[in-house]
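Trainee: Can you read through this structure? Questions will come right after.
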Amino acid sequence: MNYGLSILSAILLILIFPRFDLTLLAPVALAPLLIACAREASWKRRFLMGWTAGAIFWAGTCTWIQFVLEVHGGMGQWGGWGTFVLFALYKGLHMAVFATLAGFLMPRWYAIPACAALWTGIERTHGPLAFAWLQLGNAGIDMPVLVRLAPVLGVYGLSFVFSMLGCAFALVVLRRPRRELAWLLILPAVYLLPAPATVPATHQALIVQPNIDAEQEWTREILDRTEQRLALLSRARDAELIVWPEMPAPIYPSDPVFQTYATGIAQASHTDFLFGGVGRTAAGAPLNAAVMIDPQGRLLGEYDKINLVPFGEYVPPLFSFVNRITKEAGDFTPGTRVVVFPDRVGAFICYESAFPDLVRKFAQNGADVFFNLSNDGYFGNSEAYEQHLALVRMRAAENARWIVRATNDGITATIDPTGRVTEKLHRGRQLSGMMHYGTSNVQTFYTRHGDWFAWGCLVLGLASCAGSLARRRL
């Protein structure tokens, strides 16, 4: 029964995210696992229960990774599935640790805040430990009251609330004393947080969606034709910025031929031009870059992607036998600094939307609007498109910023400071569209202070476990 309860939690966690979007299940998703942890005395069995649940969750949420490895990584069906299983087992270790330690906390009167802190703190470790994606709190992006926590505590504040509710539900099922639920009395305080201020969309940018095949074999002739078509799509009147996304094409800002195209685009519309391309370090190593030029073709700035995609832009040492998905020679080199372009524009690249603490630094350094340059063309026809959009929406809410999301094949969209999508382009088409956004120089509490809450939760959760173990030995 305990293993069944653990698997039920994994299923509930899968159901709250795209493609199912049953977000109303988020407050109870962790309850079955916590009930199992309370019932199971052996920490070893709790570890296996949590590992099983974690592996199922990651496999069920990130099914698209198998497709990416098989098709774009060139590993074939068996290689793709084998590596995907290893990925799920590795990522499942986070939930294994949570279940192991939660078992020590569930008998205590402070189980609700301690388990919530433990879950939230462990969530914060996903990024530093190789791969970050959807946090539990992402399920609350369409909950207008709960999302008020995002500008204060980030997505981790929402994760904390959902895990509190999950633990409370588990305690009710276990028939624990009602006084142990008193911790929930702090939750109505969320209503006292201010609703996000309205920021009108008074600016517009022309966004080009190239819809380039991720498996395209490039020659000089094909690249020239592609750039010519994109130049035609980039003709704009009254645009304040022209934007190309990250693309699976060998766009080199230092290439004289491309420089001619890029300068022509900016000159024809009398506006700045922001685009994704492949930069180079002084030693010649490739960089995934966002570049802005002015109408005279002069470089206004370059931001080099800091958080690279495992398997996409580099191969983690543990998986050195896996092919990289991108075709650029050699592993990409990570950037080292956040750059804010003229007109106070911040541009983060693709997978970096999964890192709240990085994205906030663009606003902290003076960006009044965000642009997310992304290429989701490796995802196939999967739920990953909507999952990636959900991450970007939460970054908008955390920083109270408009985000214009420019993508290779979708979902190209504008997102307001509350995390709501206001405009979309049709997915899977080569087109361009004028998209509207606003600017704001207000810095939220989360923008200024970052993930202090999440790291504090990790310390509090581990300290609570240590205290519980010490009492058991007395």
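Bear in mind that the values in this text are calculations on the coordinates, not laboratory data. These numbers come from a predicted model, not from an experiment. As a convention, Cβ positions derive from the backbone with ideal geometry for all residues, glycine included, and neighbour counts pool all protein chains shown.
Trainee: If neighbour count is taken as other Cβ atoms inside 10 Å, put Ile14, Ile415, Ile222 in order from fewest to most.
Mentor: Working: Ile14 21, Ile415 25, Ile222 12.
Least crowded to most crowded, the residues run Ile222, Ile14, Ile415.
Trainee: Listing Trp58, Trp133, Trp119, Trp218 from the residue with the fewest other Cβ atoms within 10 Å to the one with the most, what is the order?
Mentor: Working: Trp58 26, Trp133 20, Trp119 29, Trp218 13.
Least crowded to most crowded, the residues run Trp218, Trp133, Trp58, Trp119.
Trainee: Based on C-alpha coordinates, I'd like the Rg and Dmax of segment 189-319, in Å.
Mentor: Radius of gyration, then largest Cα-Cα span, for segment 189-319: 18.0, 61 Å.
Trainee: While we're here: Summing +1 for each Lys or Arg and -1 for each Asp or Glu, what net charge is found among the other residues whose Cβ lies under 13 Å from the Cβ of Leu129?
Mentor: Details: positive: Lys91, Arg124; negative: Glu123.
Once positives and negatives cancel, what remains is +1.
Trainee: Using Rg/Rh (Cα atoms, Kirkwood Rh) as the read-out, say which of (i) 0.97; (ii) 1.10; (iii) 1.00 was calculated from these coordinates.
Mentor: (iii)
Trainee: Karplus couplings for segment 23-32 from phi (6.51 cos²θ - 1.76 cosθ + 1.60, θ = phi - 60°), rounded to Hz, Gly and Pro as x?
Mentor: After applying 6.51 cos²θ - 1.76 cosθ + 1.60, I find 5, 5, 7, 4, x, 10, 4, 8, 4, x Hz.
Trainee: On to the next question. Kirkwood hydrodynamic radius for segment 1-107: how many Å is it when counted over pairs of different Cα atoms? Let's see the in-between values first.
Mentor: Working: mean 1/r = 0.0705 Å⁻¹.
Taking the inverse mean of 1/r over all distinct Cα pairs, segment 1-107 comes out at 14.2 Å.
Trainee: Right, another one. For n ≥ 4 DSSP H runs only, could you compute -39500 (n - 2.57) per run for the chain, divide by its residues and tell me the 222 nm figure to the nearest 500? Provide the component values of the computation, followed by the final result.
Mentor: Values: 15 runs with 192 residues, N = 474.
Using -39500 (n - 2.57) per qualifying helix, the result is -13000 deg cm²/dmol.
Trainee: Right, another one. For the chain, what proportion of DSSP beta bridges, expressed in % and rounded to the nearest 5, is antiparallel?
Mentor: Numbers: 28 of 44 bridges.
Of the beta bridges lying entirely in the chain, close to 65 percent run antiparallel.
Trainee: Does segment 203-441 come out rounded, prolate or oblate, given a ≥ b ≥ c as the square roots of the eigenvalues of its C-alpha gyration tensor, rounded meaning a/c under 1.5 and, failing that, prolate meaning a/b above b/c? Don't skip to the end; give the middle numbers.
Mentor: Numbers: a/c = 1.30, a/b = 1.06, b/c = 1.23.
Rounded shape, in that the Cα axes give a/c under 1.5.
Trainee: First obtain the Kirkwood hydrodynamic radius of segment 342-408 from its Cα pairs, then insert it into the Stokes-Einstein equation at 4 °C and 1.567 mPa s, and state the resulting D in µm² per second as a whole number.
Mentor: 108
Trainee: Turning to a different aspect of this structure: May I ask you to derive the relative contact order of the chain, considering only C-alpha pairs under 8 Å and at least 6 residues apart, and to give it as an integer percent? Before the final figure, lay out the partial values.
Mentor: Details: 998 pairs, mean separation 84.5, N = 474.
After rounding, I find 18 percent.
Trainee: Treat each spin label as a single point 7 Å out from the Cα along the C-beta direction, and report the Leu469 to His436 distance in nm.
Mentor: Calculated label separation equals 5.8 nm.
Trainee: Can you put His94, His436 in order of Cβ neighbours within 10 angstrom, beginning with the fewest? Walk me through the numbers before you get to the answer.
Mentor: Details: His94 20, His436 15.
Least to most surrounded, the residues fall as His436, His94.
Trainee: Could you pull out which residues in segment 84-121 have an amide N less than 20 Å from a spot 7 Å beyond the Cα of Trp455, following the Cα-Cβ vector?
Mentor: 117-121
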